[in-house]
Amino acid sequence: MFEKVSPLPPDPLLGIMAAYAADPNPNKVDLGVGVYKDEQGSTPIFPSVKMAEAHLIESQKTKVYVGPAGSPEFNRLLPELIFAGAGSALKENRVAAVQTPGGCGALRVAAEFLKRLRPDATVWCSNPTWANHEPLLGDAGLKLASYPYYDKASGQILFDQMMSALESVPAEDIVLLHGCCHNPSGADLSQDQWRAVCELAKKKGFLVFIDIAYQGFGDGIDEDAFGVRLMTEQLPELVVASSCSKNFGLYRERTGSLCIVTQEAKQAAAVVTHLNKIVRGIYSMPPAHGAAIVETLLANPALKEQWIEEVAQVRNRMKSLRKAFADTMQQRLGEDRFRFIEHQQGMFSFLGISPEKVEQLQKQFSVYAAGTSRINVAGLSADNLDYVADAVAAVLD
Ligand code: LMR
């Protein structure tokens, strides 16, 4: 039967990784897949994470199964990082939390659960959204639709259009929001805009599902959780998928969390039993190591403080790269066309150029961006900034 199988095109993001790796050009620049890079272009392990890992290896006594929900201690400590100070949900045990294989695992388990509860629901995603939202949610059988979010030409959020689209979302449907550092646009809702969306969700009754994969990469650990915390306080129910890939640098360890905020503790307890069953039927149990590192780190106040400082360094480096890129492009072009990049958040922004020009950047200059013109700002450095700016200026002509 396998003779009928023909190869698929590469994944829109992971395919860039492979193409970049195969490129022999010594000047090549990877602005593709979303991994943080330092000035030297490597993705180092946070020192605090390395220390937590060393401590873990020293103290770990068993490799016995963790169970479908993962580590209870991780399921206590990570939600504290996400929901700290957000009303009474955690205190009242109204948050059903399971450790998942990355943020992807959380999205998929949530999708499976929502599909079982509301088979006819549509998930409304921002246009644009992260390329992998579609298979993660859609392959679970949920219908997908989109609401206007970002205008590439102006570099701005289309907030009025977004709100009028959400006005017509029925109460049975689900609205997916990015908690911070919107992927791919880098354009985040302001606090007032979060409040307005929250009021609308309250009024219309649709379920809000927040994907927060970059907590700490925008304005700070607490600042970036503003929307999640607001909605936890204000809405009766909420779904939150979070990732430790970026802010703990644990990419390949596949560490994430699915938190479902319910109205009563007994509902949260019931929800966990369903999540466990879903997990058992997909991957049985999450990998333990990454979550054990996170749990070790968060349980140690000195390590946690160090990690918060290390995340701040990463964040500040990306902020200064954003400004440097906008400044350099202004010098090249004599106009401030890319200033919006300075004001966006996290790892990504669109250049706002056509797929043909993105291809030209890759073919002619070995500068790799996603086909949508999304760049990973962290791939820029003092060494390659001028080269990238020249390349972008050249393809704009
Ligand atoms: C990205 O958007 O590039 C990252 O989230 C990595 C991935 O898995 O797609």
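Read-outs: derived from the displayed coordinates by stated rules, not from any lab. The shown structure was predicted, so the numbers you read here are calculated from the model rather than taken from an experiment. So basically every Cβ, Gly included, is an ideal-geometry build from the backbone, and we count neighbours across all protein chains shown.
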- Listed by chain and number, the lysines with an alpha carbon less than 20 angstrom from that of LYS37, same-chain partners under 8 positions apart left out, are LYS28, LYS50, LYS246, LYS319, LYS323
- Can you quote the Å³ per residue value for the convex hull of the Cα atoms in the range 179-249, rounded to an integer? 84
- Item | Rounded to whole Hz, the Karplus (6.51, -1.76, 1.60) HN-Hα couplings of the range 171-184, x for glycine and proline | 4, 7, 8, 10, 10, 8, 10, 8, x, 6, 6, 3, 10, x
- Per the charge dipole of the chain (beta-carbon charges, Lys/Arg positive, Asp/Glu negative, Cα centre), the residue among PHE340, VAL49, GLN60 reaching farthest to the positive end is GLN60
- Using +1 at the Cβ of each Lys and Arg and -1 at the Cβ of each Asp and Glu in the range 65-299, identify which of LEU144, LEU90, THR100 lies farthest towards the dipole's positive end. THR100
- Fewest to most neighbouring Cβ within 10 Å: what's the order for LYS323, LYS4, LYS246, LYS37? LYS4, LYS323, LYS37, LYS246
- With a/c under 1.5 counting as rounded, go ahead and sort the range 275-358 into rounded, prolate or oblate using the C-alpha gyration tensor (a ≥ b ≥ c being the square roots of the eigenvalues; past the cut-off, prolate if a/b is larger than b/c, else oblate). oblate
- Determine the relative contact order of the range 65-299: mean sequence separation of Cα pairs under 8 Å and six or more apart, normalised by residue count, in whole percent. 33
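State to the nearest 20 debye the size of the charge dipole of the range 1-51 about its Cα centre, where the only charges are +1 on K and R beta carbons and -1 on D and E beta carbons. Intermediate results must be reported in sequence, preceding the final value.
Values: 4 positive and 6 negative charges, 20 e Å.
Approximately 100 debye in magnitude.
Quickly rank 209-215, 339-345, 125-131 as a protection proxy: mean count of other C-beta atoms within 10 Å, highest first. Show your work: numbers first, answer last.
Details: 209-215: 25.3, 339-345: 19.6, 125-131: 21.1.
My ranking of the peptides, most packed first, is 209-215, 125-131, 339-345.
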- Task: Starting from the alpha-carbon convex hull of the range 65-299, give the projected area averaged over all orientations, in nm².
- Result: 11.5
- Which whole-number percentage describes the relative contact order of the chain, with Cα contacts under 8 Å and a sequence gap of 6 or more? 26
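Cut-off is 10 Å between beta-carbons; in what order do SER146, SER257 appear when sorted fewest neighbours first?
Values: SER146 15, SER257 29.
Final ranking by Cβ density, sparse to dense: SER146, SER257.
Quick one, can you get me the convex hull of the C-alpha atoms of the chain expressed as volume per residue in Å³?
Details: hull volume 62.4 nm³, N = 397.
Output value, Cα hull per residue: 157 Å³.
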- Have a look at LEU275, TRP194, VAL208 and report the one farthest towards the positive end of the charge dipole of the range 135-293, computed about the Cα centre with Cβ charges (Lys/Arg +1, Asp/Glu -1). LEU275
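Evaluate the charge dipole of the chain about its Cα centre and quote only its size in Debye, nearest 20, assuming +1 on the Cβ of each Lys and Arg and -1 on the Cβ of each Asp and Glu. Spell out each step's value before the answer.
On the way: 38 positive and 46 negative charges, 204 e Å.
The dipole of the chain has a size of about 980 debye.
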- Using θ = phi - 60° and the Karplus form 6.51 cos²θ - 1.76 cosθ + 1.60, what ³J(HN,Hα) does each residue of the range 361-374 get, whole Hz, x for Gly and Pro? 4, 6, 5, 8, 10, 6, 9, 9, 10, 5, x, 6, 6, 5
- Note on the structure: Here, SER154 and GLU172, labelled 7 Å along Cα→Cβ, have an inter-label distance in nm of 3.5
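If you take the beta carbon distance between ASN276 and GLU134 as r and set R0 to 22 Å, what does 1/(1 + (r/R0)^6) give as a FRET efficiency, to the nearest 0.05? Kindly include the intermediate steps, with their values, before the conclusion.
On the way: r = 26 Å, r/R0 = 1.20.
E(calc), rounded to 0.05, equals 0.25.
Quote the charge dipole size of the range 65-299 about the Cα centre in Debye, to the nearest 20; the model charges only the Cβ of Lys and Arg (+1) and of Asp and Glu (-1). Walk me through the numbers before you get to the answer.
Details: 20 positive and 25 negative charges, 148 e Å.
Computed charge dipole of the range 65-299: roughly 700 debye.
For the range 65-299, give me the percentage of DSSP beta bridges that are antiparallel, rounded to the nearest 5 percent.
DSSP beta bridges in the range 65-299 are roughly 45 percent antiparallel.
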- Query: So what J values fall out for the range 18-33 if you push phi through Karplus, 6.51 cos²θ - 1.76 cosθ + 1.60 with θ = phi - 60°, rounded to Hz, Gly and Pro as x?
  - Reply: 5, 5, 5, 4, 7, 7, x, 4, x, 8, 4, 10, 9, 10, x, 5
